[in-house]
Amino acid sequence: MTGGGRESEGGEEEVRGARRIPGPRGAADDLDLASVPLPPLPPPGGNAPDEAVPEQSQPASASGDAPEADTGDPGPDPGPGLPASEDWPEPVPELEPADGHPHPAAPEPEPAAPAAEAWPDPDPGPEPADGTPEPPAPGPLVSSASVVLPHQVLKALLGAWALSACSAEETAAVEDHLTGCAPCADEALRLRDAVGLLHTDGSLDLDPTLRTRVLDGCFGRRPARIPVPEWAAPYDAETARLDALLRDIGDSEWHAPVRLQWFEEERRVSRRTTVAGVIGHLMAVDGLLSAALGLDDPLDGGKAPLDPTERTETYWSATRRPPTRAVREPWRAQSHELIRTASFAGRNVAETSVSYGAFALPLQDAALDRAFECWVHGGDIADAVDYPYPAPSAAHLHRMIDLAARMLPAALAGRRSAGLAGPAKDLVAAGAPGRSLHLEIEGHGGGDWYIALDSPAAVGAPERAVAQVALDGVEFCRLVAGHISPVEAAAGQEGDREAIRDVLFAAASLSRL
């Protein structure tokens, strides 16, 4: 054979040894089509006789020089639709160019498989000035189908979605999923509401009525087997509210000064103490109810006095050092024990007499009196530490006002005996309607009461009313607590001026330490 024949054999061997194109990948979603270059066509003529077939992974440069062939590594994945390496056609015999130098002929590809129709014909592009054609640019790739995320992945993205931390694609996928998955939609709403709490500008102070509302909700679903008696509910609520206030204050605030005020005869008196001292005062007087129920008296029952003022002075003098926040636990334990014992004792315990020294009250009225004092002194503490402290609920406040109205005839008779009130004008038999004052309480916890003026045994009646006083509910309680004087009480008055004065001063005389 001639030299041209040997060169042809060598060229044929180079074609046979060139890197072959591997077969198509199996799954379309495992293929990154953007990283797969299209195989360029072999350049026409002008190559050296012994030049190898250009490497399939690199296009020819603009100058026309073909890169060296790499016969060792497999070529890139051509993608779906291209023939596998074993289907590559045998090279055709070399062609003689016009210059007489043989060169390998370009393989003639077989007809493309049906999947190859997805690849558009490459654009040949403009030819450079030297005549060497520019390798064709790869055509647009066929985009793969959108990936559908599984349920567990979308559920895990709900937290990021609620925080607006998902990408646009993830957000669209999550929101499409929420339209068809009710459990995930409910969870997404809860997470979005929780995110709103992270950016709240409101106060972090707890609502004083939170405990009562939570208990009401719990009891509404499952009533207590041994419910708290209705007459003990105001005491239970007020001790809980005061305890919530005490939990929120710091150690130093337990020594904040508090001034307790009340009326004695015709003048206002006061006593200076601390927040811890006020709680000790409440615990000492609550000991009267503990003794009536057979519980331990914190002041050594049997030897301590019965008068509330004397009991308080005894407790304060027995304390070797100023009381601190350590007094809160025994006070709260005592109030819990009182409520628990009253709940288990049944209905008959409500009429048990509780002695206050100069007078006595049935246990149900004594518990209401202790609830009133707990609210009043809770307000004193709140003023000292600058803490919000609203009035009791309307139902409980109404009962406190009712107790004060029922005690007014006896207080008025006591002041008359001491020469501090006008004489009786129309004595009647016990139980008969007598001269009365119409006490009209407006607003929170309001109502109408008729106070007998001449005898505590008489019955107040609308037809015997000789005067009328109108007061706000909280204002009337402040008068009864001795926090404002009868002259300062903003009252609407009509009728017998002497009767009005006597009743207002009798209301202030109900106050004590």
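The values are calculated or read from the model by the stated rules, or taken from the named source; none is laboratory data. Treat the numbers as computed from the prediction; the structure is a model and nothing was measured. Positions of Cβ are backbone-derived with ideal geometry, glycine not excepted, and every protein chain shown enters the neighbour counts. Only protein heavy atoms, including side chains, enter the accessible area calculation; ligands, DNA and RNA are left aside. Shrake-Rupley method; radii C 1.70, N 1.55, O 1.52, S 1.80 Å.
For the range 311-338, a residue qualifies if it is without any contact (Cβ under 8 Å) to a residue 24 or more places away in the chain and not in a helix (DSSP H, G or I), and the qualifying residues are Arg320, Arg321. Has the range 467-488 got any residue that is closer than 25 Å to Pro423 by Cα, in a loop (DSSP other than H, G, I, E, B), open to solvent by less than 40 Å² (accessible area, probe 1.4 Å) and without any contact (Cβ under 8 Å) to a residue 24 or more places away in the chain? Yes, the conditions are met somewhere in the range 467-488.
Regarding the range 415-427, can at least one residue be identified that is buried (at least 16 other Cβ atoms within 10 Å of the Cβ) and assigned to a helix (DSSP H, G or I)? Scanning the range 415-427, I find at least one residue that is buried (at least 16 other Cβ atoms within 10 Å of the Cβ) and assigned to a helix (DSSP H, G or I), so the answer is yes. Filter the range 438-448 down to residues that are part of a strand (DSSP E or B) and not charged (D, E, K, R) and give me whichever is surrounded by the fewest Cβ atoms within 10 Å (Cβ to Cβ). The extreme case among them is Gly447. Counting only residues that are loosely packed, with under 13 Cβ neighbours inside 10 Å and over 17 Å from Arg370 (Cα atoms), the range 323-348 holds 6 of them. Quick one: would you say Asp448 is more than 19 Å from Leu510 (Cβ to Cβ), modelled with pLDDT of 90 or more and charged (D, E, K, R)? Spelling it out, Asp448 is indeed more than 19 Å from Leu510 (Cβ to Cβ), modelled with pLDDT of 90 or more and charged (D, E, K, R).
Annotation: Ala457 fulfils all but one of (1) farther than 15 Å from His444 by Cβ; (2) open to solvent by less than 20 Å² (accessible area, probe 1.4 Å); (3) of a type in the set (A, V, I, L, M); the unmet one is (2). Being closer than 28 Å to Ser252 by Cβ, modelled with pLDDT of 95 or more, surrounded by 14 or more Cβ atoms within 10 Å (Cβ to Cβ) and out of contact with any Phe, Trp or Tyr (no Cβ under 9 Å at 6 or more places or on another chain) holds for only one residue in His398, His377, and it is His377. Out of all the residues in the range 339-349, is one or more modelled with pLDDT of 95 or more and not in a helix (DSSP H, G or I)? Within the range 339-349, not a single residue is modelled with pLDDT of 95 or more and not in a helix (DSSP H, G or I).
Give me the helices (runs of 4 or more DSSP H) completely within the range 201-293, filtered to those with at least 2 residues that are open to solvent by less than 30 Å² (accessible area, probe 1.4 Å), ordered by residue number.
Numbers: elements: 210-221, 233-248, 275-292.
Because the criterion is at least 2 residues that are open to solvent by less than 30 Å² (accessible area, probe 1.4 Å), the helices (runs of 4 or more DSSP H) in the range 201-293 that meet it are 233-248, 275-292.
Screening Arg406, Arg435 for residues that are assigned to a helix (DSSP H, G or I), basic (Lys, Arg) and either open to solvent by 10 Å² or more (accessible area, probe 1.4 Å) or on the phi < 0 side of the Ramachandran plot (or both) leaves exactly one candidate, Arg406.
Listed conditions (1) free of Cβ contacts under 8 Å to residues at least 60 places away in the same chain; (2) surrounded by 19 or more Cβ atoms within 10 Å (Cβ to Cβ); (3) closer than 15 Å to Ala291 by Cα are all met by Glu351, apart from (2). List the number of the failed condition for Leu198; all other conditions in (1) loosely packed, with under 11 Cβ neighbours inside 10 Å; (2) touching a residue at least 24 places away in the same chain (Cβ under 8 Å) hold. Going through (1) loosely packed, with under 11 Cβ neighbours inside 10 Å; (2) touching a residue at least 24 places away in the same chain (Cβ under 8 Å) one by one, Leu198 breaks only (2). Restricting attention to the range 489-513, the residues being touching a Lys or Arg at 6+ places or on another chain (Cβ under 7 Å) and either without any contact (Cβ under 8 Å) to a residue 40 or more places away in the chain or open to solvent by less than 10 Å² (accessible area, probe 1.4 Å) (or both) number 2. Within the set Gly414, Gly443, Gly482, the sole residue that is at pLDDT below 95, over 26 Å from Ile381 (Cβ atoms) and not polar (S, T, N, Q) turns out to be Gly414. If you go through the range 282-311 and keep only what is within 19 Å of Leu368 (Cβ to Cβ) and among the hydroxyl-bearing types (Ser, Thr, Tyr), you end up with just Ser290.
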